[in-house]
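**Q** I am attaching a structure below and will ask some questions about it afterwards.
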Amino acid sequence: MAHALSTYRQLISDLQSAGYALHPIRRYFEVSGEQPVVYLRHDVDRLPRRAVAMAEAEAELGVRSTYYFRCDKRMRFPEAAMRHIAVLGHETGFHYESLSRCKGDNEAALALFERELGACRSVVDVVTVAPHGAPLSAASNMEFSAGIGPARFALLGDATGIDFTDILYVTDTGGTFGSPHNLRDRTQGPMLTAPVHPSRLAEHLTGHPRIVMSCHPERWPARGLVLLEAQARDLAVNIAKALLRQRRVAAK
């Protein structure tokens with residue numbers, strides 16, 4: 001379930017104390033072989049004000065990370081939040097869902113991706129992108145990512161294009177790190193096999209030289225009552241995912 005922003009701050013401090021360098025995703029594509037390192041990725045699916053709060057907390061700790069932003073179907077982005085986070089020194093990127101929006105039509109999705117990326121770049125600089133899981137959609141944006149061709153769009157890369165062979169991927173998708181409710185946000189490399197609370201995560205990760213850690217800021221609110229709301233939302237989404245998984249298995 002969701003966790004408090006103060007818990008995330010402590011997690012970052014724990015990783016720093018463990019000797020990890022903490023960097024945005026673009027650093028992976030710019031500098032190779034760095035160890036020990038954690039590349040920080042944040043998918044801003046909704047509630048951009050929580051992304052701002054997380055970005056400010058990281059900046060206070062001397063950390064820079066990557067924030068991927070979605071747009072609505074009219075190509076509108078949360079511009080104020082994006083610009084503020086960029087001014088703090090964080091990387092800003094495009095969180096695309098082109099294939100799911102085009103209902104699996106690859107050609108239409110590529111054209112939509114180009115238009116939406118342009119709209120994102122009209123607000124902030126973008127050199128890396130990442131797909132939105134859209135777990136309730138029949139079309140997976142994860143499958144579309146391999147066909148984008150970063151060079152075509154003057155990108156350093158796609159966050160899912162990282163070679164995870166020897167990189168541990170940890171994500172709070174599903175409500176917490178190692179959640180069994182993570183349906184699509186997976187890699188071919190090592191991942192957590194069971195849930196791990198953030199307070200124990202740094203200790204659990206010690207010994208892994210390279211890590212990508214993905215967090216959704218909406219799951220890390222600053223206030224207690226809002227935390228209960230976020231936890232209830234995660235519970236409802238996980239129930240919907242479980243029902244959807246059962247339907248897909250039955251259909252096969």
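**Q** So, of the residues in the stretch 124-146 that are part of a loop (DSSP other than H, G, I, E, B) and closer than 17 Å to Y68 by Cα, which turns out to be modelled with the lowest pLDDT?
**A** The initial filter retains those residues of the stretch 124-146 that are part of a loop (DSSP other than H, G, I, E, B), namely 124-127, 132-140, 146.
Okay, now just the ones that are also closer than 17 Å to Y68 by Cα, so 124-127, 132-134.
On the way: V124: 98, D125: 98, V126: 98, V127: 98, H132: 92, G133: 79, A134: 72.
Ranking the qualifying residues of the stretch 124-146, first place goes to A134.
**Q** Report whether or not C71 is at pLDDT 95 or above, out of contact with any strand residue (DSSP E or B) (no Cβ under 6 Å at 6 or more places or on another chain), farther than 28 Å from L15 by Cβ and surrounded by 18 or more Cβ atoms within 10 Å (Cβ to Cβ). Quick ask: steps written out before the conclusion?
**A** Numbers: at pLDDT 95 or above: yes; out of contact with any strand residue (DSSP E or B) (no Cβ under 6 Å at 6 or more places or on another chain): yes; farther than 28 Å from L15 by Cβ: yes; surrounded by 18 or more Cβ atoms within 10 Å (Cβ to Cβ): yes.
Answer is yes for this residue.
**Q** Here's a follow-up. So which residues in the stretch 18-37 are closer than 16 Å to G161 by Cα, hydroxyl-bearing (S, T, Y) and at pLDDT 95 or above?
**A** If the condition is that a residue be closer than 16 Å to G161 by Cα, hydroxyl-bearing (S, T, Y) and at pLDDT 95 or above, then Y28 is the only one that fits.
**Q** For a quick check of your reading: which strands (runs of 3 or more DSSP E) sit entirely within the stretch 7-99 and have at least 1 residues that are hydrophobic (A, V, I, L, M, F, W, C) and within 13 Å of the chain's Cα centre (by Cα)?
**A** Working: elements: 21-24, 37-44, 66-69, 91-96.
Ranges flagged: 37-44, 66-69, 91-96.
**Q** Step by step: first the residues of the stretch 162-180, then only those that are closer than 19 Å to V44 by Cα and of a type outside the set (S, T, Y), then the one that is surrounded by the most Cβ atoms within 10 Å (Cβ to Cβ). Which residue is that?
**A** Checked the stretch 162-180; the qualifying residue surrounded by the most Cβ atoms within 10 Å (Cβ to Cβ) is D172.
**Q** Could you tell me how many of the residues in the stretch 20-68 are surrounded by fewer than 16 Cβ atoms within 10 Å (Cβ to Cβ) and touching a Pro at 6+ places or on another chain (Cβ under 6 Å)?
**A** Looking only at that region, the number is 1.
**Q** I've got another one for you. Condition first: surrounded by fewer than 18 Cβ atoms within 10 Å (Cβ to Cβ) and at pLDDT below 80. Can you find one or more residues in the stretch 212-224 that meet it? Break it down into steps so the answer makes sense when it comes.
**A** First, pick out the residues of the stretch 212-224 that are surrounded by fewer than 18 Cβ atoms within 10 Å (Cβ to Cβ): 222-224.
Subsequent filtering for residues that are at pLDDT below 80 retains 223-224.
Yes: one or more hits.
The values are calculated or read from the model by the stated rules, or taken from the named source; none is laboratory data. Please read all numbers here as calculations on a predicted model, not as lab measurements. When we count neighbours, we look across all protein chains shown, and the Cβ atoms used for this are built from the backbone with ideal geometry, even at glycine.
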